[in-house]
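Enquirer: Encoded as structure tokens, here's the structure I'll be asking about.
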Amino acid sequence: MDSVRSDTDLALKILVAGGFGVGKTTLVGAVSEIRPLRTEEQLTAAGSRIDDLGGVEGKTTTTVAMDFGRITIREGLSVYLFGTPGQDRFWFLWDELAQGALGAVVLADTRRLTDCFPAVDFFEHRGIPFVVAVNRFDGTRAFGPEEVSRALDLDADTPVVLCDARERGSGKAVLINLVEHAGKVHAARVLARSGV
């Protein structure tokens, strides 16, 4: 029997962002305990003039609004996952999706690393804590977290982790990294405001 949510239940909101075809939908689906809500549509000939399929030539669908998943930590505490669309033309949705977010995962594909620069800039400019998760694709050259951090010119305290977005355990480890990082960032802000 499903329990009714009470007013004291807590839901943490996490965004999963990154470039087109990086694995955002896959990550949300891998870790969600519910069947995720997906807003995927078939790529069209009209979209092919806009979307760069270099490195992801086999991609046939794209997220046009968001992906949504949920993880229950314990009774009264859940994590809501919102996967953002990756193409430039859907970025107007990001501001709405980011409202009230604890933090974000920026998925990166080393074949198209520059595609995650807009997501990194978005979260840095809004002060939203984030981690970069390098999604390891089969047959691609492996890069270490330090190399990716330097290539993206990240702050030294921004975590970079390696993951496989298809694997539930790997995705959960990314989310744990983010929650720990966001907790440190938010605690430091509270201390700074209190003058301690």
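The values are calculated or read from the model by the stated rules, or taken from the named source; none is laboratory data. Nothing here was measured: the structure is a model prediction, and the numbers come from that model. FYI the Cβ positions are ideal-geometry reconstructions off the backbone, even for glycines, and counts take in every protein chain you see. These accessible areas exclude ligands, DNA and RNA; they are computed on the full protein's heavy atoms, side chains included. Shrake-Rupley method; radii C 1.70, N 1.55, O 1.52, S 1.80 Å.
Enquirer: Could you report the range 67-196's accessible area per residue, 1.4 Å probe, as an integer in Å²? Each step should come with its number before you reach the end.
Expert: Details: 6780 Å² over 130 residues.
Accessible area per residue: 52 Å².
Enquirer: List, in order, the whole-Hz ³J(HN,Hα) value for each residue of the range 105-110 obtained from phi through the Karplus relation with A = 6.51, B = -1.76, C = 1.60 and θ = phi - 60°; use x for Gly and Pro.
Expert: Residue by residue, the range 105-110 yields 9, 9, 7, 10, 10, 5 Hz.
Enquirer: Probe 1.4 Å, all protein chains in place: accessible area of Ile34 in Å², nearest 10?
Expert: The value for Ile34 is about 50 Å².
Enquirer: Treating each Cα of the range 131-177 as an identical point scatterer and ignoring solvent, apply the Debye formula and state log10 I(q)/I(0) at q = 0.13, 0.21, 0.23, 0.30 Å⁻¹.
Expert: -0.29, -0.71, -0.83, -1.13
Enquirer: Tell me, what HN-Hα J-couplings in whole Hz come from the Karplus equation 6.51 cos²θ - 1.76 cosθ + 1.60 at θ = phi - 60° for each residue of the range 140-147, using x for Gly and Pro?
Expert: 9, 5, 7, 10, x, x, 5, 5
Enquirer: Using every Cα-Cα pair within the range 88-137, state what percent have a distance larger than 14 Å. Write out the running numbers ahead of the final one.
Expert: Values: 640 of 1225 pairs.
Taking all Cα-Cα pairs of the range 88-137, the fraction more than 14 Å apart is 52 percent.
Enquirer: Taking θ as phi - 60°, what are the ³J(HN,Hα) couplings along the range 114-124 by the Karplus curve (6.51, -1.76, 1.60), each to the nearest whole Hz, with x for Gly and Pro?
Expert: Listing the rounded values in order: 5, 5, 9, 4, x, 5, 4, 4, 4, 6, 4 Hz.
Enquirer: Could I ask something else about it? How large is the Kirkwood hydrodynamic radius of the range 99-171, in angstrom, based on all distinct alpha carbon pairs? Walk me through the intermediate numbers first.
Expert: Working: mean 1/r = 0.0790 Å⁻¹.
Hydrodynamic radius (Kirkwood, Cα pairs) of the range 99-171 is 12.7 Å.
Enquirer: Right, here's the next one. Return the long-range amide H neighbours of Val134 (sequence gap of 5 or more, or a different chain), with a cut-off of under 5 Å between placed amide H atoms.
Expert: Under 5 Å from the amide H of Val134: Ala108, Val161, Leu162, Cys163.
Enquirer: Can you find, among Ile128, Pro85, Ser149, the residue sitting farthest towards the positive end of the charge dipole of the range 80-151, where Lys and Arg contribute +1 and Asp and Glu -1 at Cβ?
Expert: Value: Ser149.
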